[in-house]
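K.L.:
My structure is below; once you've seen it, I'll send some questions.
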Amino acid sequence: MDLYLYNSLNLKKEKFIPLKKGAVGLYTCGPTVYNFAHLGNLRTYLFEDFLVRTLVYNGYKLKRVMNITDVGHLSGDMDMGEDKVEAEATREGRSAWDITAYYTDAFQEDLKLLNVTPPDVWCRATEHINEQIDLIKTLENKGYTYITSDGVYFDTSKFSDYNRLSHLDLDELQEGARVEKNEEKKNLTDFALWKFSPIGSKRQMEWSSPWGIGFPGWHLECSAMSLKYLGETFDIHCGGIDHVNIHHTNEIAQSEAATGKKFVNYWLHGAFLNIAGGKKMAKSEDNFLTLDKSLVKKGLNPLAYRFAALQVHYRKPMEYSEDSLRQAENALESLINQVAALKDEPGQIDEVYQVDFQTAINDDLNMPQALAVLFKMLKSDLSDSDKLAGVINFDQVLGLSLLSQAASKADIEETDLPEEVKILLNKREQARVDKNWELADSLRDDIKRAGYNLEDNSDGQLIKKI
Ligand code: AMP
Ligand code: ZN
């Protein structure tokens, strides 16, 4: 069956045709590891996981690369401001290397809790300094660079169709140049390939280069690492929609200027998670919510967030609220109950539902429609065993661990709990409904004293005898 994806490059849904039959090269921009990932960031990684699983479901062999930005991402988009990692290191009184290692681990833990398939290649900017320097040398030899007092810059006026992805009117942009502070830049859209360490101060992360001691510009790492791991041209590149105008536009410019070849065939971008009436969730704002704080610590199943993300098409904005998360958890819970009630061995997947499901996901990852197919199948008069086969098949893409969550539910029900523990469990359930987290936590302690551990994990609530 054909797969259609919305390509930001051409602003339309296109039939996906890979460069090499049956194989896909995919690059997904990774996190800047100076803080925890927030739910907005995680929405983007979830959308990319829906893509990954859809490609695998369609039989493609995938090579997926994700970078870890551990240096060079400045607080201002115009190559000005502080390095986010070094600034956080100063704030926390730890080394920049400690900070990036710590937040990389935390990010990878979040992905696990959300059942996000890990990439085949993880690559860090700081481990690819030579590749980045080599890329600048190539660009310099081809005449695309110039040097200012604070770094080596890419001259965007030398690159034709610089706006091919952003579709922005560059003249209009130039109009806005009055706000630009970097007087030495030749064009507003020029960007740093290499920044010099500030005179008179030593950065924690800095390297020598043919142009002086410093560090790579943020956009460069993705070009250098995708070139290394996926080649000069590859199939799909993804990120959040905020990357279209600057980060991905600059990746295209420097990659294509260096190789003379088309960089990427399909560009996919996920819409934002917003909060409080359309405001983007951002690390720099105080609306920053993590998976740990907003789900795990509150005893909510982290996969409820995955379920919530499945309910909204990836190109539509998603609005966060605690209530919507709780509704998603209830809906997921009811789905798990329906699966737990299927009392048979898996049989044959029904062909009509299978085709409907694949048609949905192959229509630019229409996950809300794919969920609707699942619910319709569960309500149908198919046998339990055929329904079970459908659940197993669809969950390869949905990634909700439906079978194991249903099984752990059965465990709890079958456990012969003492009356006293059942009462405590009910009280805790009520406390959670009332959002009384303090009481919920203290009831968990009471349950422990009664000899049972209560775990809230990705498989739901598990009660086990100590
Ligand atoms: P960063 O760690 O800031 O480099 O961002 C990591 C990823 O999260 C990028 O692909 C961003 O485009 C994406 N992102 C940032 N904020 C949001 C948001 N509120 N909703 C969805 N994706 C976001
Ligand atoms: Zn990138």
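Every number in this text was worked out from the coordinates using simple rules, so none of it is lab data. Worth saying up front: this structure is predicted, and the values here are computed from it rather than measured. Quick reminder, even Gly has a Cβ in these numbers, built from the backbone with ideal geometry, and neighbours come from all protein chains shown.
K.L.:
Using only Cα atoms, tell me the angle between helix 437-449 and the longest principal axis of the chain; keep it within 0 to 90° and round to the nearest 10.
P.N.:
Approximately 60 degrees, to the nearest 10.
K.L.:
Still on this model: Assuming R0 = 35 Å, can you tell me the calculated FRET efficiency for the pair D2 and K228, based on Cβ-Cβ distance, to the nearest 0.05?
P.N.:
Taking R0 as 35 Å, the efficiency between D2 and K228 is 0.65.
K.L.:
So how far, in whole Å, is the C-alpha centre of region 374-451 from the one of region 5-47?
P.N.:
Here the two parts' Cα centres lie 32 Å apart.
K.L.:
How far is helix 96-113 tilted, in degrees, relative to the longest principal axis of the Cα atoms in the chain, given as a value from 0 to 90 rounded to the nearest 10?
P.N.:
40 degrees
K.L.:
With Cβ to Cβ distances under 15 Å as the rule, what net charge do the other residues near D161 carry (K, R +1; D, E -1)?
P.N.:
-1
K.L.:
Going by how many other Cβ atoms sit within 10 Å of their own, how do K185, K261 line up, fewest first?
P.N.:
K261, K185
K.L.:
Right, something else. How high is the relative contact order of the chain, given as a whole-number percent (alpha carbon pairs under 8 Å, six or more residues apart)?
P.N.:
17 percent
K.L.:
Sticking with this one: Using the per-residue mean of other Cβ atoms lying within 10 Å as a proxy for protection, in what order, highest first, do the peptides 7-15, 237-245, 221-229 fall?
P.N.:
221-229, 237-245, 7-15
K.L.:
Further question: For K12, go through the lysines and keep the ones whose alpha-carbon is under 20 Å away, minus same-chain ones fewer than eight residues off.
P.N.:
Of all the lysines, those that pass the test against K12 - Cα under 20 Å, at least 8 places apart if same chain - are K262, K316.
K.L.:
Separation of region 192-214 and region 248-325 by C-alpha centroid, Å?
P.N.:
32 Å
K.L.:
Can you give the local net charge around F234? Use residues other than it whose beta-carbon is closer than 11 angstrom to its beta-carbon, Lys and Arg +1, Asp and Glu -1.
P.N.:
+3
K.L.:
Determine, for each peptide in 384-392, 316-324, the mean count of other beta carbons within 10 angstrom over its residues, then list the peptides with the highest first.
P.N.:
Going from most to least packed, we get 384-392, 316-324.
K.L.:
Run the dipole for region 1-132 about the Cα centre, Lys and Arg Cβ at +1, Asp and Glu Cβ at -1, nothing else charged, and hand back the magnitude in debye, nearest 20.
P.N.:
Computed about the Cα centre, the dipole is about 980 debye.
K.L.:
Still on this model: Amide H neighbours of G270 under 5 Å, at least 5 residues apart or on other chains, H built in the peptide plane: list them.
P.N.:
G239, G240, I241
K.L.:
Counting only other residues whose beta carbon sits under 14 Å from that of P346, what net charge do I get with K and R as +1, D and E as -1?
P.N.:
Around P346, the surrounding residues sum to -4.
K.L.:
Taking a label point 7 Å from the Cα of W122 along the Cα→Cβ vector, which residues of region 282-311 have an amide N closer than 19 Å to it?
P.N.:
What the label zone holds, given the 19 Å backbone N cut-off, is 291-292.
K.L.:
Which of R43, R203, R91, R164 comes first, and how do the rest follow, when ranked by fewest Cβ neighbours within 10 Å?
P.N.:
Fewest-to-most Cβ neighbours within 10 Å comes out as R91, R164, R203, R43.
K.L.:
Which of L303, G212, G390 sits farthest toward the positive end of the charge dipole of the chain, with +1 on the Cβ of Lys and Arg and -1 on the Cβ of Asp and Glu?
P.N.:
G212
K.L.:
Taking amide H positions as placed 1.01 Å from N in the peptide plane, with prolines and chain starts having none, which residues 5 or more places from F191, or on another chain, fall under 5 Å of its amide H?
P.N.:
Hits under the 5 Å cutoff: F154, T156.
K.L.:
Follow-up. Cross-link candidates for K137: which lysines have Cα within less than 19 Å, leaving aside residues fewer than 8 places away along the same chain?
P.N.:
K158, K195, K228, K261
K.L.:
What list do you get for F47, F16 if you sort them by fewest beta carbons within 10 Å?
P.N.:
Fewest-to-most ranking of F47, F16: F16, F47.
K.L.:
HN-Hα J couplings of region 339-353 from phi, Karplus 6.51/-1.76/1.60, θ = phi - 60°, integer Hz, Gly and Pro as x?
P.N.:
5, 5, 7, 7, 9, 6, 7, x, x, 10, 6, 6, 5, 5, 5
K.L.:
Still on this structure: Gain in length, N130 to Q204, computed as 0.36 nm per residue apart minus the alpha-carbon separation, to one decimal in nm?
P.N.:
24.9 nm
K.L.:
Sticking with this one: Want the number for R315 to D434: 0.36 nm per residue separation, take away the alpha-carbon distance, what's left?
P.N.:
Here the segment from R315 to D434 would lengthen by 39.5 nm.
K.L.:
Given the rule -39500 (n - 2.57) for each run of at least 4 DSSP H residues, summed and divided by the residues of the chain, what is its mean residue ellipticity at 222 nm, to the nearest 500 deg cm²/dmol?
P.N.:
-13500 deg cm²/dmol
K.L.:
Using packing as a proxy for protection, rank 280-289, 265-274 so that the peptide with the highest average count of other Cβ atoms within 10 Å comes first.
P.N.:
265-274, 280-289
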